[in-house]
Amino acid sequence: MATKTFLVPNFSAGLFMCWDMYTQAGYRINVTLKDSATTYVNASKQSTSIMPALAEGNSNINGSNLQIIVDIPQSSSIQPSLNAYTIARPDGSIAGYGFNLNIEDATDQDYNDLYISMTAWKSKG
Amino acid sequence: MPNVSIKVIVSNKGALINLYGLNNFNQVIDPSLTTLIGTDQGRFIQTRIVYPDDAATMNTLNAPVVANPADERQNKAAIDGVYNALNPDYLDILGAIDIIPMQSLINPAAANDGEATVPSDLPYACAQAYSTSVNDFIGPTRVIARIAGITGDASPASLVASINTACSLQARPAAKYQNPYFALSAAVWQGSSRTSTTNIFGNANALQLSPPSGPNWTNPQMLSLTHFVNCHGGDHDPQWYGQNGGGFPVAESAQLVAGKTAHGGIAAAECCYGGQLYAPNGGQAGLCNTYLMNGAAAFCGSTNIAYGPANGQGNADLITQYFLIDLLNGASAGRAMLQARQKLVQTTSPMNIYDLKTLAQFNVFGSSSNTPVQMAAHLAAKGITGTSDAEVAIAERKDRRRQLMVRGLELLTSTGIAEHDPNHRLSEALRNRLLALADEHGIPGAGIQSCPVVGGSNFLLAHSLTQASDTIHVVHGTKPEATFGKYMALIVRERGGIVISSELLLSK
């Protein structure tokens, strides 16, 4: 049984965020996206087919310490590779943040068992 | 050959939980480190967290356990043990000085400025065993930096901000960091600052002077990715100050900088206490912590009273510009600091007691692997079939580490040090000459420290073969009425009774 929690860097209260989550895995994968105020996603899927998506959505961020909890009961090890980045304007100020997470939950090292893409902007619409 | 680079993050779990609470450790700090480990994996860096207070882990590394988090000797031995076991390319110290203490080195200039010790991360960058003498740490070889929170602050926000910066930092072209830039100097030091700014950026066109300018800087000025500051600073003071004559106006204020500087920015401050991680106790955190909270990728500053020459370049001028120049050339924060330390030793040998204090007091904050500026294209561009860009980059990193280690080891044998000898006999004629020089420079109540030059084996060999046998005399004095810049020191080189050079140093 493996569980891992990832803090999503710089996704702070007041920003507007969207997320897309996909799985292609033999194991059941449970994902929670939450902060100190709100749980935005609590989804579960067991399928080697990428569609339908595990979760898609958007929301204003209401609290602090936004985090993703990945729980894969049948897995003995969750291996992450991820990318966090800033969306910068030409003058160097920040327009938003991005975050991609890829998970390997077994041994084939394809890192496609869980894929999460998130973006947060200071402005919506 | 491993196809990844190794980074070790060292922190004290008990001290983290004691300061931030178990809930914050589990819910905020640990998940943020998990994110950093995953992010580093995407950069071909294998990152491992080591808690020196965790006996089980330390036993597997054959390294001594830290039983008392405040014990400097234990922390030095533990980090040495971890380093020797894992031979990392990068080493981060996670936490402020209440999590992993800086090492208290005896201040070689204490007779002048009265500071008994210099808080320093320099010993962690060196393979030499625990010592309180700076002289034992003139051959740094390790790429290290400190991911610093705010000392004594129970909120993990500042610590997590620096971890988040390490996660989300992406290297940008050097041109973005070179133009526009923000350079700020006390008006009285504009000559030295123009030289530093030109050395760093190729021009001094944007250098700001205080007075008349500051502390309300424009948004574009604050958003410049590189900041260089040569001003006064004070103990536990969240402001830096300019000078023209006897006036010391505020040049930069943490309150005004908060939230204003760029994510991924870099900064170096020559100011006294510019890198002091003081506990604000509910008040305003220092400028160092403020830059880091804003997302600075690397900040270089001094833990206590710093010095520079009244004219020309030396001490704080050198180490800060070396640091920024290497960062702009694509070095990581930790490597830029290691190279700056090595260059300072090499350039100033034989080192006087103020050079030694400078070496000890300047530290770097941010993750050691933070690389804000893209490095020039590497060997992969030459089209080696079957070898990936990442493999070439990792091999080149190993080459650089080897070269830096060789240079550090060489410095141990090739560097001269002017060591204070309280029993040194000074002729009456020479004493009078030194006091006359002090009088010429307006140094009040001058005291004299005579420091014969000693050094490593190669230095001593060259010293004897060339018969360049110097004694460095430090003539120091204090202007007690001064708000800043109250400590003065005249560095006089004497050879065979003849004064061959002198340089006036002033505190920042």
* Structure fact -> Counting only protein heavy atoms and rolling a 1.4 Å probe, one gets per residue an accessible area for the protein assembly as shown in Å² of 37
* Cβ-based net charge around A:Thr23, under 11 Å, with every Lys or Arg adding one and every Asp or Glu removing one -> 0
* For B:Asp235, solvent-accessible area (1.4 Å; no DNA, RNA or ligand), Å² -> 90
* Structure fact -> The correct pair for the protein assembly as shown, radius of gyration to one decimal and Dmax as a whole number, both in Å and from Cα atoms, is 25.7, 92
* Structure fact -> Candidate cut points under chymotrypsin sites (Phe, Trp or Tyr not before Pro) in the stretch B:86-194, DSSP loop plus at most 15 other Cβ atoms within 10 Å of their own Cβ, are B:Tyr130
* In the stretch B:79-142, carbon and sulfur make up what percent of the accessible area (probe 1.4 Å)? -> 53
* Relative contact order of chain B, pairs being alpha-carbon contacts under 8 Å that are 6 or more residues apart, as % -> 14
* Nearby lysines by direct alpha-carbon distance to B:Lys508 (threshold 30 angstrom, same-chain neighbours under 8 apart not counted) -> B:Lys76, B:Lys176, B:Lys260, B:Lys343, B:Lys357, B:Lys479, B:Lys486
* Carbon and sulfur atoms: what percent of the 1.4 Å accessible area of the stretch B:429-508 do they account for? -> 53
* Asked: Tally Lys and Arg at +1 and Asp and Glu at -1 over the other residues with C-beta under 14 Å from the C-beta of B:Ala77: what net charge comes out?
  -> -2
* Heavy-atom accessible area, 1.4 Å probe, ligands and nucleic acids excluded: residues of the stretch B:158-174 down by at least 50 Å² from chain alone -> B:Asn164, B:Ser168, B:Gln170
* Asked: Taking both sides together, what accessible area is buried at the A/B interface, probe 1.4 Å, expressed in Å² and rounded to the nearest 100?
  -> 1700
* Just the number, please: carbon plus sulfur as a percent of the accessible area of chain A, 1.4 Å probe, no ligands or DNA/RNA counted. => 46
* **Rg(Cα) / (2.2 N^0.38 Å) computed for the stretch B:190-270, rounded to two decimals** => 1.07
* **Nearest-20 debye value, the protein assembly as shown charge dipole, Cβ charges on Lys, Arg, Asp, Glu** => 780
* Asked: At q = 0.11, 0.16 Å⁻¹, what log₁₀ I(q)/I(0) does a Debye calculation on the Cα points of the stretch A:51-125 give, no solvent, two decimals?
  -> -0.39, -0.74
* What's the local net charge at A:Ile68, with K and R +1, D and E -1, over the other residues with C-beta under 10 Å away? -> +2
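The values are calculated or read from the model by the stated rules, or taken from the named source; none is laboratory data. All of these numbers come straight from a predicted model, not from anything done at the bench. Methodologically, a virtual Cβ is constructed for each residue, glycine included, from the backbone with ideal geometry; neighbour enumeration extends over all protein chains shown. Remember, those area values only see protein heavy atoms, side chains included, never the ligands or the DNA or RNA. Shrake-Rupley method; radii C 1.70, N 1.55, O 1.52, S 1.80 Å.
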